[in-house]
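I have placed the structure first, in the form of structure tokens, so that the comments after it can refer back to it.
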Amino acid sequence: MTEKTSSKMNADQTIKRISSEYESLSKQLKAIALHIERNRDHVGIEGIREMAHQCGVQPSAVVRFAKHFGFSGFTELQSIFRENLSRQLTPSRTYKKRIRDLIESDSPKLSSADIAREFLAGSLAGMQELQNNLDAATFKKAVDLLVKSDCIWIVGSRRSFPIAAYLDYALQHTEKRISLVSGLGSMHLGQMRSVSKGDVMVAISFAPYAEETLSVARAGSERGAHLIAITDSRMSPLARTAQATLVVQDNSTMGFRSLSSTMGLAQSLFIALAYALELPYASTSP
């Protein structure tokens, strides 16, 4: 990549290029790729040694990563992520630092209400980040896939199951055939026998990625279904075969990850579909 070419690249384009080559990278370079995607608002200001420490690699690996993608070195790669620093750190990054400082401080023990407020603050910050970083083109593609398909499959295991259950409930309000892959009786793969070419599957999973969800998504793709992935990275296993990957990263408070942003994304997806289908509005009783 020449200096002229790299100057035309923005952060989104750089991350998309990294994602497209992710599977061919070494273990160390994959760690750097994931760090850059998940901490894009820090990349523009953190030093090479700090990034290397966060990724568990040597600084030389960061330089090697930059050169692999055609940059002269770390500084040129970093400059791509400095262009949008007028926003400085996103609310979620500021929040993560605040909660870390709070835990590590010598302040009195937190009350139950304090914990609730911190959790809700993290959820609000995550929602703000999702709103700022929502990929409009990909979101539209996901909605278009849902509009065109007569049959929609939904799969999400463990932490993601509540999101899958909500989408099953919401999508039942359409005239489409909706199937929740529940895995009851360990029959999740058996349910895949009814998947047909042209169906759409919505798969939800986050690191460390539930194997049940991954296997169902693979089976659906092999049978010709279009895959919409709701996940935490363009480099997640679900993104490899997805026609549309919606990236969302919920915040974690004291080790407990919220579902607020993911639920908000799922609800937005249904509302956008309902609007596209011109579903009749029925007010709820008081």
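The values are calculated or read from the model by the stated rules, or taken from the named source; none is laboratory data. Worth saying up front: this structure is predicted, and the values here are computed from it rather than measured. Positions of Cβ are generated from backbone atoms using ideal geometry, with glycine treated the same way; all protein chains shown enter the neighbour counts.
Structure data summary
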item	result
Unmet criterion (only one of (1) surrounded by fewer than 14 Cβ atoms within 10 Å (Cβ to Cβ); (2) at pLDDT 75 or above) for S19	(1)
Top-ranked residue of the stretch 156-169 - restricted to ones that are in contact with a helix residue (DSSP H, G or I) (Cβ under 7 Å, 6 or more places away or on another chain) and at pLDDT 95 or above, ranked as surrounded by the fewest Cβ atoms within 10 Å (Cβ to Cβ)	Y166
Residue match in the stretch 132-148 (condition: among the β-branched types (V, I, T), surrounded by 13 or more Cβ atoms within 10 Å (Cβ to Cβ) and modelled with pLDDT under 85)	no
In the stretch 170-199, residue modelled with the highest pLDDT [restricted to those that are out of contact with any strand residue (DSSP E or B) (no Cβ under 8 Å at 6 or more places or on another chain) and among the basic types (K, R)]	K197
Flag if D232 is among the acidic types (D, E), under 24 Å from K16 (Cα atoms) and in contact with a strand residue (DSSP E or B) (Cβ under 6 Å, 6 or more places away or on another chain)	no
Selection status of L124, modelled with pLDDT of 85 or more and hydrophobic (A, V, I, L, M, F, W, C)	yes
